[in-house]
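Chemist: My questions will all concern the structure given below.
Every number in this text was worked out from the coordinates using simple rules, so none of it is lab data. Nothing here was measured: the structure is a model prediction, and the numbers come from that model. As a convention, Cβ positions derive from the backbone with ideal geometry for all residues, glycine included, and neighbour counts pool all protein chains shown.
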Amino acid sequence: MGCGLHVRPHTNADYCSVLRSELIAIDMALDFVLEHQLFGEIWILSDSRSVVQHFDNWRDGDRKDQTALARLSSGHLKPLRFSRGDKQFNICTKCNMIEATPQHLLDCLALVYDDLLKRPYLLLEMMKEYDLMDLI
Ligand SMILES: [Zn+2]
């Protein structure tokens, strides 16, 4: 017995990467599977290595990822510099313009705080895709 689910990605908005659309589509499919309790074997077919990697991490529940999520939600990022008593963040390596505060990292990826809670692995995948993990 099996169940096939085909999810067509949404039209991509300019700020929305193909990877993100694909992850959201798969996320929605998994939500559907869980909601309808269609347990059994789940096959995720994708030609994107990042997507496969994403679900590898999802399954393993990588501890480093958990730490990154905790830092992002608490606002305490790792490489803080202090200058004359002021907190300073490193410059965001994606846009190279703005300090990489937790809020900016979300903004820069067109994500919202809610994504941190509801789609943490999507968020982590985006951070990795843009090499932002070192900033967290
Ligand atoms: Zn940025």
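Chemist: List pairs: first residue in region 113-124 and closer than 12 Å to residue 66 by Cα, second residue not in a helix (DSSP H, G or I) anywhere in the structure, Cβ distance under 7 angstrom, at least six positions apart or on different chains.
Modeler: Matching pairs, first to second residue: 123/111.
Chemist: Further question: For region 90-133, which positions are assigned to a loop (DSSP other than H, G, I, E, B), within 16 Å of the ligand (Cβ to nearest atom) and of a type outside the set (A, V, I, L, M)?
Modeler: The answer is 90, 92, 93, 94, 95, 96, 101, 130, 131.
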